[in-house]
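Here the structure comes first, spelled out in structure tokens, and everything after it is commentary.
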Amino acid sequence: MGNLINLPNITPESIVVTNDSSSNYTRPNAFNEKNYLNVRLDEKNGEKQKTLTIRLLPMDLETGNPFVKVHMHNVHVPKEVSKSGYKSYICLSKNKDIDHEKYGNKCPFCELNQNAYQESLKESDPIKKKNFQDISIANKSNEAVIVRCIERGKEDEGVKFWKFNIRRDKTDPYNAIINLYNMRKEEGERAGQVLNILDIYNGRDLNVTITEGNAAPQILDASLSTPLSRDEEQMKKWIYDEKKWQDVFSTKPYEYLSLISQMKIPWYDREQGKWVDKEEIDAKKQGQAAQVNEANAEIEKAMATAGVAQAPIAQEPVQESAPVKDFTDSLIMKDEEDLPF
């Protein structure tokens, strides 16, 4: 591959899952579906299975590690936040590689998890004890792995990210890729060859088959070894793409997550300069509308008493709290990065 032999590569020593990547957090990017590997079936059109062909890229450019482990909270949320009733949020306390100066180190889900656990230890009533245990488990963080890749056939869309949970039965994509890598490595050793299917110069593409239902994706390697790209400049561009996982999987602030943990709908109130329960905003607007109606009624009454005819008083709408620049949607009905996947 010419002058690019020193590009960061996925080596046998680098293929481990770590808690964080070595890259520092940068600025968030605007939401773009092309930043994500779409592993969701198009159920509306009757899609029951599909296969995506991808090539993994190094995540950590210092070691070549293609995997980064993050801690997520998969929690129950109001339907207004997610139609499914569940969403995943990045843990603020267990992930080192996020902007803690901005978001802090406290996580409301972890706090709820620990508080409920401690209460369960003190509770003697079996029903109450079980309730506390359920709350603790529901707010426990889970491990997920993020990889970045190129999707074959859609190379023009650039680098994509794929996030998936680690499963206890080890049928998740991370374990599937590691098992496949080790199997091919052993085959190569028996033949007296060095075979690294994740190598960017002489590795193999991965075929990821998603099937309807809860079955884990099936992952197989292509039969031929090929470079990431035959265009050296394109290869370099993909490897050094500036997008980080923190850019495409956004972190939510503590007060936002605290509202979610209480099954409330977060809304950014510009007047108060903080996230509040949407019900508070609704009540505030209703109160303002009632005050306007009451004032208008008093004016009409006074004018009628004075015997002065009056044109109908225009009802001015109560202004909703405007969003702030840092959080583009005041009412977060969805997390955009989760939409297609």
*Calculate the length of the line joining the C-alpha centroid of segment 71-113 to that of segment 135-214, in whole Å.*
25
*Pairwise Lys count, segment 86-140 - Cα closer than 15 Å, eight or more residues apart or different chains*: 6
*Based on the alpha carbon coordinates of segment 163-229, what radius of gyration and maximum Cα-Cα distance (Dmax) apply, in Å?*
13.2, 41
*Using Cα positions and a limit of under 16 Å, work out the lysines in reach of residue 160, with same-chain residues fewer than 8 apart set aside.*
34, 236, 237, 243, 244
_Translational diffusion coefficient (Stokes-Einstein; Kirkwood radius from C-alpha pairs) of segment 119-259 at 20 °C, 1.002 mPa s, in µm²/s_ = 114
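Quick note: the coordinates plus some simple rules give every number you see, no bench work behind them. Model, not experiment: these values are computed from the prediction.
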